[in-house]
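The values are calculated or read from the model by the stated rules, or taken from the named source; none is laboratory data. It should be emphasised that the depicted structure is a prediction, and the values quoted were computed from it without experimental measurement. Please note: Cβ atoms are built from the backbone with ideal geometry, for glycine as well, and neighbour counts cover all protein chains shown. Just the protein is used for accessible areas: all its heavy atoms, side chains included, with ligands, DNA and RNA removed. Shrake-Rupley method; radii C 1.70, N 1.55, O 1.52, S 1.80 Å.
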Amino acid sequence: MELFDDSRAWALPVFALIILLEAGWSVWRGRQAYELKDFAGSMSQLAGNIAVQLLTRGAILGFYLWLYEFRIFTVPNSLLGLLITAVAIDFVFYWFHRASHRIRIFWTVHVSHHSSELMNFGTALRQPWLAPLVKPVFYWPLPLLGFDPLAIMTVGAFLTIYGFWTHTEQIGRLGVFEWVFVSPAHHRVHHGSNPIYIDKNYANFLIIWDRLFGTFQDEMEPVRYGLTKNIESYNPFVIAFHDIRDTIVGVRHAKNIRSAVAQVFGPPGHQPD
Ligand SMILES: [Zn+2]
Ligand SMILES: [Zn+2]
């Protein structure tokens, strides 16, 4: 998910402090969680993501407000209404995230979140540059159904911040909590390139979506983080755009239209024939 609009600016110094604590704690335990180049790579993605958000959020909010005028219901801004909003956003996020893994054109954007071979709170901030442009493709039904666009933004911000703490190796299993809510163990699996971990645990807040829709995987074996083919680069532009480049190459080498379309809209593993 995206991090930071003005209502979330307070989170930056809090995150910085938590990152310092995690780095210190991991050194104390004898297994350093951070590498400077990798962390800088993550920060470069965060910076670009914030820039794109600042440039686009006015237009996106305007689009949602316009759709909201044609709403079917009106979800009230009561406590119950906000809870329903949270569940609805989390549900849409599940499908947005699942599509981001299973449809190449969305994967070209999301892949940067997965390119770190380390799992730490810095990786949580490795946010795709173009994700703010992709999200409305999935979120537009919410204002049309009757969810207040401002509530979507605010509740969405809290859910995004929730997603920060699940990016760590420093927290173990959490018992019954993991029946309902996404835990660090769940999200470590999501960042794994081990065959059993690929395309699992898409949820951000409620793990029930993965349990319901058949994509849940428990943490069983040690996780190998990163991509099945790692990019071996810390260049911000390579991190952000390497798979867009590869997709264009694949389309140019496609033997026919069908194969070219599959390059863009098929699953990411699709090889040119
Ligand atoms: Zn993902
Ligand atoms: Zn993640």
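Each residue, ARG245 and ALA51, gets one label point 7 Å from its Cα in the Cβ direction; the gap between the two is 1.8 nm. At a Förster distance of 30 Å, what's the computed FRET efficiency of TRP25 paired with ILE196, Cβ-Cβ distance as r, to 0.05? For R0 = 30 Å, the calculated efficiency reads 0.60. Just to confirm my numbers, what's the Cα centroid distance between region 88-128 and region 209-252 in Å? Measuring centre to centre over Cα atoms gives 8 Å.
For region 129-273, give the percent of accessible area contributed by carbon and sulfur heavy atoms, probe 1.4 Å, rounded to a whole number. Please report the intermediate quantities before stating the final value.
Working: 4830 of 7160 Å².
C and S atoms contribute 67 percent here.
Accessible area of LEU17, 1.4 Å probe, to the nearest 10 Å²? Spelled out: LEU17, probe radius 1.4 Å, area about 110 Å². With a 1.4 Å probe and every protein chain left in place, tell me how much accessible area LYS200 has, in Å² to the nearest 10. Probe radius 1.4 Å; accessible area of LYS200 about 50 Å². Globularity index of region 103-176 is 1.33 (Cα radius of gyration / 2.2 N^0.38 Å, N = number of residues).
With charges set only on the Cβ (+1 for Lys and Arg, -1 for Asp and Glu), what does the dipole of the chain come to about its Cα centre, in debye to the nearest 20? Please list the in-between numbers first.
On the way: 21 positive and 21 negative charges, 105 e Å.
Once rounded to the nearest 20, the dipole reads 500 debye.
With the convex hull drawn over the C-alpha atoms of region 218-273, the volume per residue is 121 Å³.
Relative contact order (percent) for the chain, with alpha-carbon contacts under 8 angstrom and 6 or more residues of separation? Spell out each step's value before the answer.
On the way: 406 pairs, mean separation 66.3, N = 273.
Once divided by the residue count of the chain, the mean separation gives 24 percent.
Quick one: what do you get for region 114-222 if you divide its Cα Rg by 2.2 N^0.38 Å?
On the way: Rg = 14.8 Å, N = 109, 2.2 N^0.38 = 13.1 Å.
My calculation over the Cα atoms of region 114-222 gives 1.13.
Give the shape of region 53-101 as rounded, prolate or oblate, defined through the alpha-carbon gyration tensor: a ≥ b ≥ c are the square roots of its eigenvalues, a/c under 1.5 means rounded, and otherwise the shape is prolate if a/b is larger than b/c and oblate if not. Oblate, since a/c reaches 1.5 and b/c is not below a/b. Around the Cα centre of region 104-205, unit charges on the Cβ atoms of Lys, Arg, Asp and Glu (plus for the first two, minus for the last two) sum to a dipole of about 120 debye. Within the chain, which DSSP H helices have Cα atoms that stretch 24 Å or more along the helix axis and a mean Kyte-Doolittle hydropathy of at least 0.5? Membrane-span-like by this rule: 11-28, 36-68, 79-102, 236-252. When all protein chains stay in place and ligands, DNA and RNA are ignored, the 1.4 Å accessible-area order of SER78, SER44, largest first, is SER78, SER44.
For TRP25, the solvent-accessible surface with a 1.4 Å probe is about 120 Å², rounded to the nearest 10. Heavy-atom accessible area, probed at 1.4 angstrom with all protein chains present, ranks LEU20, LEU61 as LEU20, LEU61, highest first. Each listed q (0.09 Å⁻¹) maps to a log10 I(q)/I(0) for the chain from the Debye sum over equal C-alpha point scatterers, namely -0.43.
With only alpha-carbon pairs counted, each pair once and no self-pairs, how large is the Kirkwood hydrodynamic radius of region 164-273 in angstroms?
The Cα-based Kirkwood calculation yields 16.0 Å.
Assuming R0 = 35 Å, what is the FRET efficiency of THR228 and LEU17, from their Cβ-Cβ distance, to the nearest 0.05? Given R0 = 35 Å and the Cβ-Cβ separation, E is 0.55. For LEU206, the amide hydrogen comes within under 5 Å of the amide hydrogens of VAL182, counting only partners 5 or more places away or on other chains and with H modelled in the peptide plane.
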